[in-house]
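Report on the following structure.
Read-outs: derived from the displayed coordinates by stated rules, not from any lab. What you see is a predicted model; the values in this text were computed from it and never measured. Positions of Cβ are generated from backbone atoms using ideal geometry, with glycine treated the same way; all protein chains shown enter the neighbour counts.
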Amino acid sequence: MNQEPGDYAGFVTRAIAFAIDVALIDLAAAFVAVVVGLGISALDVPDVVVTIAIAIGGVAFLAWFVGYFATFWSTTGQTPGARVMGVRVVCAGGGETVRLGAAVVRLAGMVLAAIPLFAGFLLILVDDRRRGLQDRLARTVVVYASDAPRLG
Amino acid sequence: MTQPWTLLAGSARLGVAAGREAARPIVVVVGVGQRVGARLALDALDALLASNVAEVAADRVLASPWTERTLTRALAGPLVDAAAREVAQGAVLERVLDEVLATEVLDHIVDRAEQAGAVHRLADRVLADGIVERAAERFLAGPEFERLVVLTLDSPGVERAVASLFESRLLDQVVGRLLSGPELWRVVDEVARSPAVMEAIAHQGFGFADQVAGEVRDRSRTADAVVERTTRRLLRRRPRMDPPTGPLPNPGAT
């Protein structure tokens, strides 16, 4: 059964989009970590500095993770992965782009949904509007984008 | 017994013979008179043409309105067409041209023109008036140039020339020199870095990525429905209803 544009996006499509986004985030973070790690290894720095650098890197990764999703959801409604898969996050009430606060709440909802063995995401399979826990918390829905993305 | 009509016929023949004999001297005299008269008339005509009177008379005739009217009437009439037809049918122009080319008249004309500086003056005039440019523009813009190019390209001579060029060692030498020199690779670099080529390569790459992404999208949407249907069947839940049309519903309603 093929879905029409405007219909709510399903579990598999959203999972692939999320996987693409996580891959991009991790690739960028890993590249930065390798560069910084090589730089530190070339210098004779104390262990405490290394520990502090690791802590800063963790915070930076968290900020990068949150900023990535929150920025894309609150501006275009599409992360790069969502654009590739042709889905968009919109407000459940009227279909407009979500606010920055709602985007952060949605991201927190994703973390919560992942804690019980990703059971929060499985709600997508049984909800009539294909909403996961994060969508219910942030009052959003994910729909198929009517404008087919073109990479070129 | 002699018939009367026989007598009449014999008398007529006798009369004709007698008349012919009697007229013989007269015929001789008339013939001599004609020859003498013709000679006298020709002598008189020569004398007339040699005199000033003939020249004056000719000038007057040529200057008179009658001559002009007559000439105009003649040119407006069928005489010119008939003359042109005769010239064309008789290949007069060809004969005249052949005669001119066979003799040294053309050479004399060219020599005289060159001695008089007419050639240089004509060349200066042609160059100064832009005649050459206009003629070249007209030639290049007209269909004659295309016909000439097509005829040239289709000619066996050009084919033979191209074939001999490819078979000759000159081409190998030219190619070898091009490949060994830096100019060709500079040109290749310039072409490869040109925006048109870069755009074409990028377009082709993006087109392939678009195709892959579109296929993944289609299959994932089918998988969405399959996974959801299976899950609902396992959980003994009713199948999902078709999505509502129009604006998205209020989340508080569900």
Candidates per trypsin sites (Lys or Arg not before Pro) in the range A:15-105, loop by DSSP, up to 15 other Cβ within 10 Å
A:Arg99
Determine the distance separating the Cα centre of the range B:147-174 from the Cα centre of the range B:191-244; give it in Å without decimals.
54 Å
Which ordering of B:Met198, A:Met110, B:Met241 is given by a fewest-first count of other beta-carbon atoms within 10 Å?
B:Met241, B:Met198, A:Met110
Rg(Cα)/(2.2 N^0.38 Å) for the range B:30-133, N = residue count:
1.83
Net charge, A:Arg136 excluded, C-beta distance under 12 Å - Lys, Arg +1, Asp, Glu -1:
+3
Candidates A:Thr51, A:Thr13, A:Thr140: whichever shows maximal mean-square fluctuation once chain A is modelled as a Gaussian network with Cα springs under 10 Å
A:Thr51
Relative contact order for chain B using alpha-carbon pairs under 8 Å, separation at least 6, rounded to a whole percent?
3 percent
Using Cα pairs closer than 8 Å and at least 6 residues apart in sequence, work out the relative contact order for chain A, in percent.
32 percent
Efficiency of FRET from Cβ geometry, B:Val149 and B:Glu99, R₀ 41 Å, rounded to 0.05:
0.65
Over the range B:1-44, with a single point scatterer placed on each C-alpha, what log10 of the ratio I(q)/I(0) does the Debye formula yield at q = 0.19, 0.21, 0.30 1/Å?
-0.67, -0.73, -0.93
Rounded to whole Hz and in sequence order, give me ³J(HN,Hα) for the range B:160-172 from the Karplus expression 6.51 cos²θ - 1.76 cosθ + 1.60, θ = phi - 60°, writing x for Gly and Pro.
5, 5, 5, 4, 5, 5, 5, 7, 6, 7, 4, 5, 4
Rounded to the nearest 20 debye, dipole of the range B:32-130 from Cβ charges on Lys, Arg, Asp, Glu
580 debye
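So what is Rg over Rh here for the protein assembly as shown, counting just Cα atoms and using Kirkwood for Rh?
My calculation of the ratio gives 1.57.
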Expected vector for the range B:56-73, Karplus 3J(HN,Hα) from phi with 6.51, -1.76, 1.60 and θ = phi - 60°, integer Hz, x for Gly and Pro, equals 5, 5, 5, 4, 5, 5, 5, 8, 7, x, 4, 4, 5, 5, 4, 5, 4, 5
Rounded to one decimal in nm, the spacing of the 7 Å Cα→Cβ label points at B:Glu86 and A:Phe118 is 11.2 nm
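Normalise the Cα radius of gyration of the range B:116-167 by 2.2 N^0.38 Å (N = residues in it) and let me know the number.
For the range B:116-167, the normalised Cα radius of gyration is 1.77.
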Could you identify which residue out of B:Pro156, B:Pro182, B:Pro25 has the top mean-square fluctuation in a GNM of chain B using Cα springs shorter than 10 Å?
B:Pro25
Connecting C-alpha atoms closer than 10 Å in a GNM of chain B, tell me which of B:Leu93, B:Leu127, B:Leu14 has the biggest fluctuation.
B:Leu14
Helical contribution to [θ] at 222 nm, DSSP H n ≥ 4, -39,500 (n - 2.57), averaged over chain B, rounded to 500:
-28000 deg cm²/dmol
Please work out the FRET efficiency for the pair B:Arg138 and B:Val197, using the Cβ-Cβ distance as r and a Förster radius of 60 Å; give the result to the nearest 0.05.
0.95
The rounded separation in angstrom of the Cα centers of the range B:41-83 and the range A:5-60 is 116 Å
Sum of side-chain charges, B:Leu140 neighbourhood, beta-carbon under 14 Å (Lys, Arg +1; Asp, Glu -1):
-1
